[in-house]
Each structure stands twice: as C-alpha cells, then as structure tokens.
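These notes are about the structure you will find just below.
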Amino acid sequence: MNMEPEQETRSEEELRSDLARTEEEIQTLRQVLASKIRHASDLKRKLGITVWEEFREEVGQGMKTIQESTASGLGIFSAPAYQKTTETVKAVGERTTSVIGSLGGSVARRLGEVKNSNAFKSFEERVASATGSLKERMTGSRSNSTNSFEDALNSTERRASQTNTPATTPTIAEEKSILKG
C-alpha cells in the first residue's frame, strides 16, 4: 500500500487512539469484573457457601461429565464432552489456586500477628536468655570438667528462682482485682 506520508501519519494516529480507547475499556472491564467477583464472594459468604464446597462440586461435575461422555459411546475426546471437561478442569485449577493463595495469605497474616504479640516476644526473650545461659555453662564446663550438664541446668534454675521469674511463666500484665465491684 502506497500512502502519502500525511495519510500514514493520520492512519497511525487513528490506530493509536483506537488502541488507547480499547486499553481504557479493558481496564474498566477488569475493574467491573473485580467488583463483581468481590460482590459474588460476599454473597457466597453470607449464604455460607465455602470455597471448599465449590471446589468439591466442580470436581464432582467434571467426573460426571467424563462418565457421561464415556458411557454414551462418544469417547473422551469427542468435541463437546472434551471441551466441557477441559473447562471444568480449568475452573477447578483456578479455584484451587484461589484457595491456596487466600489460605497462604491468611496463615502468613496470622503468624505475623502472633510473632508481634507481647506474649510471644516475652517467650522469645526467655528462651534466648535460657539458651545463652546454658551455652555459657556448657562452654565453661569444657574447660572445667567438674561441671556437668545437670549442674549447668540446676544452676540456671537456681538463678531463675532467685529472681522470682521462672522461665516457664510468660510475662502477662495483671489487673489489681477482677472481681472488684
């Protein structure tokens, strides 16, 4: 095609403009789809429909489709049955990915909350202190062979009991009286 430079420029501008509009429409459709997915999830949650139930139903439907296609003599690779099975397996795969992703995020969030709690930090400090103390005693026992592991452990327990803070008791703030009325 031999176009004049002006026509080529105009045609290219029209194509770029059309591309920009199309990309904007795609973005809008993605936002609408995401909104619809959130709305559907909320409705399912309110109805008590779990992701696991959906997954189980989709697997069951896929198995039923395979059985029907084989039983009817069409064979597993016949176009409608194969396509329906493929779609079901794809949907199950997407659902599984969704379940695993949300489960992983939930577990990570919970572990972060536990790790940042005061009780866990107190426990972590006590374990570190007891470990350091035990290492110190064990290292000292190598140079001085009269100490044993039990001696080091008993010594650590004695020091902990003298400070009235046993290593097994977490630090928890106590209120003066719970039953005070």
Over the range 1-62, average the accessible area per residue using a 1.4 Å probe and give it in Å², no decimals. 93 Å²
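Report in % the part of the accessible area of the range 1-60 that belongs to carbon and sulfur, leaving out ligands and nucleic acids; probe 1.4 Å.
Here carbon and sulfur together make up 54 percent of the probe-accessible area.
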Reported to the nearest 10 Å², Met138 has, with a 1.4 Å probe, an accessible area equal to 60 Å²
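The values are calculated or read from the model by the stated rules, or taken from the named source; none is laboratory data. All figures in this text were calculated on a predicted structure; none of them were measured in a lab. Ligands, DNA and RNA are excluded from the accessible area calculation, which covers all protein heavy atoms including side chains. Shrake-Rupley method; radii C 1.70, N 1.55, O 1.52, S 1.80 Å.
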